[in-house]
1. Scan segment 133-159 residue by residue and report those that are surrounded by fewer than 20 Cβ atoms within 10 Å (Cβ to Cβ), farther than 16 Å from His88 by Cβ and touching a residue at least 24 places away in the same chain (Cβ under 8 Å).
2. Kindly check whether there is at least one residue in segment 50-65 that is more than 16 Å from the ligand (Cβ to nearest atom), over 30 Å from Val172 (Cβ atoms) and not in a helix (DSSP H, G or I).
3. Identify all residues within segment 86-105 that are in contact with a Lys or Arg (Cβ under 8 Å, 6 or more places away or on another chain) and at negative phi; write none if there are none.
4. Would you please name the residue that is nearest to Ala47 (Cα to Cα), looking only at residues in segment 66-76 that are exposed (fewer than 12 other Cβ atoms within 10 Å of the Cβ) and within 12 Å of the ligand (Cβ to nearest atom)?
5. I need a count of the residues in segment 264-288 that are buried (at least 18 other Cβ atoms within 10 Å of the Cβ), touching a helix residue (DSSP H, G or I) at 6+ places or on another chain (Cβ under 7 Å) and not polar (S, T, N, Q).
6. Just give me the residues in segment 39-77 being out of contact with any Phe, Trp or Tyr (no Cβ under 6 Å at 6 or more places or on another chain), among the small types (Gly, Ala, Ser) and under 18 Å from Ala28 (Cα atoms), in sequence order.
7. In the set Val307, Val250, which member is of a type in the set (Val, Ile, Thr), in the same structural domain as Tyr125 (by TED's automatic domain parsing) and in a helix (DSSP H, G or I)?
8. What number of residues within segment 103-139 are in a helix (DSSP H, G or I) and under 14 Å from the mean Cα position of the chain (by Cα)?
Amino acid sequence: MSGMKYQLSLPVTVGVLLVGLPYSISLAAQWLYGWPNKPGYKKYTEALKPRRIYCLTIAVLESLKYLQYGRLYIQLKSWYKNEDNRKHFEKGITFGRRGNKLDLYHPPNAGKAQGAPAPLVVFIYGGGWGSGERSIYCLLARRMAEELRATVICPDYWTYPKGNVLGMVQDVADCLVWAQENGRTFNFDTEKVVLIGHSAGAHLCALTTLFLIDEREELFIELSQQRDVTLSIRGIIGLSGVYDIMDHYVYEQKRAVEYVSTMHKAMNGVENFQYYSPTHLLRDLSQDKLSRVPQMALLHGTNDVVVPHEASAKFSELLTSLSLKVSLYLLPDLNHTEIATNLMASDGRFYHPIYSCIKQEFTKLLDNC
Ligand SMILES: *[C@@H]1O[C@H](CO)[C@@H](O)[C@H](O)[C@H]1NC(C)=O
């Protein structure tokens, strides 16, 4: 009797594992993050396609890898809360039209014998346009201030669903306006600003700069102010960035994550993908405006499956074809998360390799003009 039970339960168990589990996992993911964008019942037939179920299950299982960063998250939160660390930074300065906050990290030896004002780095974090908070980047910003001997500011911005991409661009622009107005108070050089962004943050750095150069009305920032900010930007350093939204959407489709991803919602739908793609904007700029585009440096890990390194390679090719200056670093064995987490502690395997690229580029950007 018990032998027969065993024979029956094995196929059932295998069936549950191979069919039931993937279906449950991927339907749960779609229920939580969004069904396919199709009319009526078609959204469910699309949602149930075996290829979508299979790919989504893999994507969900892949995302379990993020659990390993739980301990780091707790460490970062406690460093940020610890009052002893307040000497390294100014916490929670309000800026811009939406009352967002930023933290400002001092360069080494700040306060002792006020010397020449330090250059300024504005660091824009990633999080797929739908998540992220400045506190998590406390150690990154602190290390960056140390390594680059710069003041580093790390602003929050309204991610989806609080804001959409235009709001995020406005927030980054507001932060740059704030920087123009507060250099004297915090002893940084308002004419030496470098933007560094990771992932969606790299996209926002490039897009904001191009909107400013193009003097876009929808920024709702006075033209003279837009020009001052544009002139202050010496360069952009993009880490694992997305620069062509349509291209990235096609990649998301291959992984079957295009509907659960925040990207298309944050961009106000597929119709606006071009409008919010740095690649597209660049192709439309006049020669005069093109000449104002700052130098860029693009870093990307070759093990990145969230944003493939081809994104940076293609953007670099485009910049070169427009006779703009760009450096491209494809870093072997590095993935999407590690390119940022390795900038947080000097014992990381890639800490020195990544900072040496960033330092070299940073020096180059500041020496130019
Ligand atoms: C990134 O790479 C590290 C080290 O190679 C690995 O431990 C980690 O699981 C990877 N992270 C993700 C999210 O794939």
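The values are calculated or read from the model by the stated rules, or taken from the named source; none is laboratory data. Since the structure is predicted, the reported quantities are computational estimates derived from the model, not experimental observations. Cβ sites come from the backbone with ideal geometry, for glycine too, and all protein chains shown count toward neighbours.
1. Answer for segment 133-159, where residues must be surrounded by fewer than 20 Cβ atoms within 10 Å (Cβ to Cβ), farther than 16 Å from His88 by Cβ and touching a residue at least 24 places away in the same chain (Cβ under 8 Å): just Trp158.
2. Within segment 50-65 (the criterion being more than 16 Å from the ligand (Cβ to nearest atom), over 30 Å from Val172 (Cβ atoms) and not in a helix (DSSP H, G or I)), the answer is no, since none of the residues qualifies.
3. Of all residues in segment 86-105, those in contact with a Lys or Arg (Cβ under 8 Å, 6 or more places away or on another chain) come to 88-89, 92-95, 101-103, 105.
Of everything in segment 86-105, those that are in contact with a Lys or Arg (Cβ under 8 Å, 6 or more places away or on another chain) and at negative phi turn out to be His88, Phe89, Ile93, Thr94, Phe95, Lys101, Leu102, Asp103, Tyr105.
4. Among those that are exposed (fewer than 12 other Cβ atoms within 10 Å of the Cβ) and within 12 Å of the ligand (Cβ to nearest atom), it is Tyr66.
5. As a first pass, look at segment 264-288 and keep what is buried (at least 18 other Cβ atoms within 10 Å of the Cβ): 264-267, 273, 276-279, 281-282.
Filter once more, so that each one left must be touching a helix residue (DSSP H, G or I) at 6+ places or on another chain (Cβ under 7 Å): 264, 266-267, 273, 276-279, 281-282.
Going one step further and asking which of them are not polar (S, T, N, Q), we end up with 264, 266-267, 273, 276, 278, 281-282.
The number of residues fulfilling the criteria is 8.
6. Hits for segment 39-77 are Ala59, Ser63.
7. Values: Val307 fails: in a helix (DSSP H, G or I).
Going through Val307, Val250 in turn, just one is of a type in the set (Val, Ile, Thr), in the same structural domain as Tyr125 (by TED's automatic domain parsing) and in a helix (DSSP H, G or I): Val250.
8. Taking segment 103-139 first, the residues in a helix (DSSP H, G or I) are 134-139.
If we keep only those that are under 14 Å from the mean Cα position of the chain (by Cα) as well, we get 134, 136-137.
Count: 3.
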